[in-house]
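K.L.:
Please find one structure pasted underneath; my questions will follow.
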Amino acid sequence: MFPLHDPLDEMLREELVAYDDLTAALLARRGILTKEDAEKFLNPSYDEHLHDPLLMTDMRKAAERFGAAILSGERIAVWSDYDCDGIPGAIILHDFLKKVGANFENYIPHRHDEGYGMNVVGIEGLAKSGVKLIVTVDAGITDYEPIAHAKELGMEVIITDHHLPRLAETSSEGGPKEKLPDAFAIVNPNARSDETYPFRELCGASIAWKLVCATIAVAPILRGKISLGWEKWLLDMVGLATIADMVPLIGENRVLATYGLKVLRKSPRIGLQKLCRVMRIDQRAITEDDIGFMIAPRINAASRMGDARDAFRLFTTADENEADLLANKLEKANRQRKAEAGAITRAVRSRLRERGEVRTIIALGDPEWRPALLGLVAGGIADEYERPVFLWGREGNGTLKGSMRSGSGVHALDLMGATEETFVEFGGHAAAGGFTVRDDVIFFLEDKLVEAHSRLKVREDTDDLSKHADAVITIEEATESFLKKIELLSPFGMMNPKPVFLLREVVVREISRFGKSKEHLKLKINSSDENGNIDAVTFFVKGNIARAVATLGKNSCVHILVHLERDTFSRGNPVRLRLLNIKVV
């Protein structure tokens, strides 16, 4: 094994002298440049590496109001988002409020009928039920009108959120400044210029959990209602949301994800146990991949295909029969999601075949397509055609909404921002985004995007696989002990990606397909001198891998780009390779 990047300079190598060359290089590439930071990264500590929640702007004000409402018996409503950040956050506050005997209810808007965020109709319903305090989770920072209406109706609102606010026209200093709702308290370290919290990248559920911790701290009488350290059991939902919502897994998020996984593996939630059995995964060995590819899709399927409250109830019920029913209902919803997404994918491919030539941007839609599914479909099409893809459908309220995936070197927000007077609103990050499009321009959407794309500088991709790898290894080095060394850097996610390895001039001995529709690929490979062999797999073969595999024959010589992982479906959980790219020699 040898690294592919420039060696560390002498000072940095001395600073990380306790670690082998590869580990030191991987740490440095993640911005870990001191032995103290390396120790924190590799050995995250609940007691030493979490910040005091009361350092957050408005947190003390929010916690004191929340605690007072609990103790006085005021009616409290928890208004959360319906995704795999909002639902876990709602569960955190539900469990806490139930534990301390509060007078409360959970409100989760319907994705298709109500859409994201707070709305006036829902606010009015809460007022009629006697609610005096609303606490949001993963929502609220841009809900100016509903929050103002809540105030008019005599309710106070505590916002806990992590999304960005809109910008006002100008501030008193003359530059743009965040526009904040008129709420009683706004706890959002990612949104305020006056923020005092040391870490701003928390997900919504983490901030809800921080509110619980702060409330216990400022209202000691509540501590008498719960055992010391009980709030740690809520970390299962914190870890689930932190990993599922794809916030950067560095700093405090790394601590929360690490301990969240530990609690998930021994969580007493009957709903989690039932869901794991339905999915056929071992709860005692849950990983970040299990969350990303198994658990989160089923939680999100509840809102995409029906009612998010099914996922909420699954994780809050104590009834074994109800948990059984709900776990199977989510599994069925996920299968339905896959089937509907598959049907849309086939429709997109059919339209593209009818066109013949595929343009630099793909933009398609249908009023019958469910917008909640289009991000999944757009991602697959973007990977397959290796270009940006925009797909739209019609929401229950009549608006045209959609999702895009970049699929190339262009930045998603740059592309949408360069398409003037086309979108009512849009948001996202470099690789993906969501949008609402104006009815009067929908049939010209692709033309406008193609024109905008032509004006943007697109990153040039390279066929040199070494540009994307952390190191070159041989098949003989892909061992259990080597994988354990890599796993010290887990959990992996944004800003802490799984290490990527290049294997040069390996020989393909067998090629096989698996899966219901033979959509997955397995290669059995060994080195050119036939020493050692190992399986390399990839799922839903498309793009460059599909093109390369079509040219392969038995004993073809290839370079491959891979992750190392455990094959949890084979006896002994042997090491295997996850194929990322392939080049025929």
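K.L.:
When the residues of the range 364-387 are narrowed to those that are under 20 Å from the mean Cα position of the chain (by Cα) and of a type outside the set (G, A, S), which ends up farthest from F293 (Cα to Cα)? Before the answer, list the steps.
P.N.:
Step one: filter the range 364-387 for residues under 20 Å from the mean Cα position of the chain (by Cα), giving 371-383.
Now narrow it down to the ones that are of a type outside the set (G, A, S): 371, 373-374, 376-377, 381, 383.
Values: P371: 20, L373: 15, L374: 17, L376: 12, V377: 15, I381: 18, D383: 17 Å.
If we take residues in the range 364-387 being under 20 Å from the mean Cα position of the chain (by Cα) and of a type outside the set (G, A, S), then P371 is farthest from F293 (Cα to Cα).
K.L.:
Can you pull out every residue in the range 289-310 that is surrounded by fewer than 21 Cβ atoms within 10 Å (Cβ to Cβ) and either aliphatic (A, V, I, L, M) or closer than 20 Å to G493 by Cα (or both)?
P.N.:
Within the range 289-310, D289, D290, G292, F293, M294, P297 qualify.
K.L.:
If you take the residues in the range 13-35 that are more than 29 Å from the chain's Cα centre (by Cα) and under 27 Å from L465 (Cα atoms), which one is modelled with the highest pLDDT?
P.N.:
Here is the first cut: in the range 13-35, the residues more than 29 Å from the chain's Cα centre (by Cα) are 13-21, 35.
Retained after the next criterion (residues that are under 27 Å from L465 (Cα atoms)): 13, 19-21.
Values: R13: 90, Y19: 94, D20: 91, D21: 89.
That would be Y19.
K.L.:
Being more than 25 Å from T57 (Cα to Cα) and of a type in the set (D, E): is that true of E105 here?
P.N.:
On the way: more than 25 Å from T57 (Cα to Cα): yes; of a type in the set (D, E): yes.
Answer is yes for this residue.
Yes/no matrix, rows are residues, columns are (1) on the phi > 0 side of the Ramachandran plot; (2) touching a Leu at 6+ places or on another chain (Cβ under 9 Å); (3) at pLDDT below 95:
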| position | (1), (2), (3) |
| --- | --- |
| G130 | yes, no, no |
| L133 | no, no, no |
| P146 | no, no, no |
| A150 | no, yes, no |
| I158 | no, yes, no |
| D161 | no, no, no |
| E169 | no, no, yes |
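K.L.:
Scan the range 330-373 for residues that are more than 28 Å from F312 (Cα to Cα) and among the charged types (D, E, K, R) and jot them down.
P.N.:
If the condition is that a residue be more than 28 Å from F312 (Cα to Cα) and among the charged types (D, E, K, R), then R346, R349, R351, R353, E354, R355, E357, R359, D366 are the ones that fit.
K.L.:
Report whether or not L202 is under 24 Å from A296 (Cα atoms), surrounded by fewer than 24 Cβ atoms within 10 Å (Cβ to Cβ) and touching a residue at least 12 places away in the same chain (Cβ under 8 Å).
P.N.:
On the way: under 24 Å from A296 (Cα atoms): yes; surrounded by fewer than 24 Cβ atoms within 10 Å (Cβ to Cβ): no; touching a residue at least 12 places away in the same chain (Cβ under 8 Å): yes.
No: the conditions fail for L202.
K.L.:
Moving on. Give just the number: which of (1) in contact (Cβ under 8 Å) with a residue 24 or more places away in the chain; (2) within 17 Å of the chain's Cα centre (by Cα) does M294 not satisfy?
P.N.:
The number of the failed condition is (1).
Matching residues to (1) among the aromatic types (F, W, Y); (2) closer than 19 Å to C203 by Cβ; (3) at pLDDT below 95:
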site	(1), (2), (3)
G260	no, yes, no
I270	no, no, no
K274	no, no, no
A296	no, yes, no
M305	no, no, yes
F312	yes, yes, no
E322	no, no, no
A327	no, no, no
K332	no, no, no
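K.L.:
Here is a further query. Residue by residue through the range 528-559, note down the ones that are farther than 16 Å from E480 by Cα and under 27 Å from the mean Cα position of the chain (by Cα).
P.N.:
Passing the criteria: V537, T538, F539, F540, V541, K542, G543, N544, I545, A546.
K.L.:
Additional query: Across the range 560-571, which residue is farthest from F482 (Cα to Cα) among those that are without any contact (Cβ under 8 Å) to a residue 40 or more places away in the chain and under 27 Å from the mean Cα position of the chain (by Cα)? So that I can check it myself, show each step before the final result.
P.N.:
Restricting attention to the range 560-571, the residues satisfying the condition of being without any contact (Cβ under 8 Å) to a residue 40 or more places away in the chain are 567, 569-571.
Right, trim to under 27 Å from the mean Cα position of the chain (by Cα) and you get 567, 569.
Numbers: D567: 15, F569: 20 Å.
The extreme case among them is F569.
K.L.:
Name the residue that is nearest to G375 (Cα to Cα), counting only residues in the range 321-362 that are surrounded by fewer than 16 Cβ atoms within 10 Å (Cβ to Cβ), touching a residue at least 24 places away in the same chain (Cβ under 8 Å) and of a type in the set (S, T, N, Q).
P.N.:
Checking each candidate, the answer is Q336.
K.L.:
Residues in the range 398-406: is at least one modelled with pLDDT under 90 and either of a type in the set (V, I, T) or closer than 30 Å to V562 by Cβ (or both)?
P.N.:
Start the filter on the range 398-406 by keeping residues that are modelled with pLDDT under 90, which leaves 398-399, 406.
In the following step, the residues that additionally are either of a type in the set (V, I, T) or closer than 30 Å to V562 by Cβ (or both) were identified as 399, 406.
Yes.
K.L.:
Out of (1) farther than 30 Å from S129 by Cα; (2) surrounded by 17 or more Cβ atoms within 10 Å (Cβ to Cβ); (3) touching a helix residue (DSSP H, G or I) at 6+ places or on another chain (Cβ under 9 Å), what's the single condition that is false for M59?
P.N.:
It fails just one condition, (1).
K.L.:
With the range 67-162 as the region, which helices (runs of 4 or more DSSP H) entirely inside it contain at least 2 residues that are in contact with a Phe, Trp or Tyr (Cβ under 7 Å, 6 or more places away or on another chain)? So that I can check it myself, show each step before the final result.
P.N.:
Working: elements: 86-99, 120-128, 144-152.
Passing ranges, in order: 86-99, 120-128.
To keep it simple, each residue is scored yes or no on (1) touching a Gly at 6+ places or on another chain (Cβ under 6 Å); (2) more than 30 Å from G31 (Cα to Cα); (3) of a type in the set (A, V, I, L, M, F, W, C).
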| residue | (1), (2), (3) |
| --- | --- |
| M495 | no, no, yes |
| V508 | no, yes, yes |
| S527 | no, yes, no |
| A546 | no, yes, yes |
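K.L.:
Continuing with the same structure: Might you check whether a residue that is closer than 30 Å to I299 by Cβ, within 23 Å of the chain's Cα centre (by Cα) and of a type outside the set (D, E, K, R) occurs anywhere in the range 70-79?
P.N.:
yes
K.L.:
Looking at (1) in a loop (DSSP other than H, G, I, E, B); (2) of a type in the set (V, I, T); (3) at pLDDT 85 or above, which one does V410 not meet, given that it meets all the others?
P.N.:
(3)
K.L.:
Can you name every residue in the range 209-252 that is of a type in the set (K, R) and surrounded by fewer than 21 Cβ atoms within 10 Å (Cβ to Cβ)?
P.N.:
At the first step, the residues of the range 209-252 found to be of a type in the set (K, R) are 210, 223, 225, 232.
Scanning the range 209-252 gives R223, K225, K232.
K.L.:
Here's another thing I want to ask about it. What pairs come up if the first residue lies in the range 105-116 and is modelled with pLDDT of 90 or more and crowded, with 18+ Cβ neighbours inside 10 Å, the second is of a type in the set (A, V, I, L, M) and in a loop (DSSP other than H, G, I, E, B), and their beta carbons are under 6 Å apart, counting only those six or more places apart or on different chains?
P.N.:
The qualifying pairs are I108/A308.
K.L.:
Could you check the range 363-400 and list, in sequence order, the residues that are among the basic types (K, R) and part of a strand (DSSP E or B)? Lay out the reasoning, then the answer.
P.N.:
If we filter the range 363-400 for residues that are among the basic types (K, R), which is where we start, we get 370, 387, 394.
Listed by number, the list holds a single entry, R394.
The values are calculated or read from the model by the stated rules, or taken from the named source; none is laboratory data. Computed from a predicted structure; not experimentally measured. We place every Cβ from the backbone using ideal geometry, glycine too, and count neighbours over all the protein chains shown.
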